[in-house]
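Each value in this text was obtained by applying a stated rule to the coordinates, not by laboratory testing. As the structure is a computational prediction, the values presented were derived from the model and not from experiment. When we count neighbours, we look across all protein chains shown, and the Cβ atoms used for this are built from the backbone with ideal geometry, even at glycine.
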Amino acid sequence: MAGVLAAFAYVGTVDPNEPGHYPVCPLLQLTGIYCPGCGGLRSAHAVATGDLAAAFGANAMAVVGYGVFAVLWAVWVVRAGRGIPVRITLRPAHWWAIGAVAAVFSVVRNLPFGSALAP
């Protein structure tokens, strides 16, 4: 958890909207196609600075992922505090579903009608 907080603190202070601080997405640079992670750093910066509207505009899927991570972490903290064994496992079907959502998100954000999802 400390690593996640440190990463968000760094991205919150070093603005990815300023060129030269972070590498560009190789898929975007070579093909012009947005991957599921494009806009993720800008989204993390916006979350770290409290601008949720900008965060969703940069990468809505990443913001949902941040929220899921925060909820799972809170569940883990509460259960660990109560001495309840903590085991959060994902079955293969869950991983396939996550991959399918990421693929659909990538395709839609690159189509004209899904341009609102583009960073």
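Within the listed set Ala44, Ala62, Ala54, the Gaussian network model of the chain (springs between alpha-carbon atoms below 10 Å) gives the highest mean-square fluctuation for Ala54. When the Cα positions of Leu28, Leu72, Leu41 are compared along the charge dipole of segment 2-117, Leu72 comes out farthest toward the positive end, with charges on each C-beta of Lys, Arg, Asp and Glu. In segment 2-117, a dipole from Cβ-located charges (positive for Lys and Arg, negative for Asp and Glu) runs towards its positive end, and of Asn59, Leu5, Gly114 it is Leu5 whose Cα lies farthest in that direction.
Taking P(r) over Cα pairs in 10 Å bins from 0, in percent as calculated from this structure, the corresponding entry among [x] 11, 27, 29, 24, 8, 1; [y] 13, 45, 33, 8, 1; [z] 12, 36, 34, 14, 3, 0 is [z].
Largest GNM mean-square fluctuation among Ala97, Ala48, Ala58, using the chain with Cα springs under 10 Å: Ala97.
Residue order for Arg91, Arg79, Arg109, fewest other beta carbons within 10 angstrom first, comes to Arg91, Arg79, Arg109. Charge dipole (Cα centre; +1 on Lys/Arg Cβ, -1 on Asp/Glu Cβ; no other charges) of segment 2-117 amounts to roughly 560 debye. Distance from the C-alpha centroid of segment 87-108 to that of segment 38-71: 18 Å, rounded to the whole angstrom.
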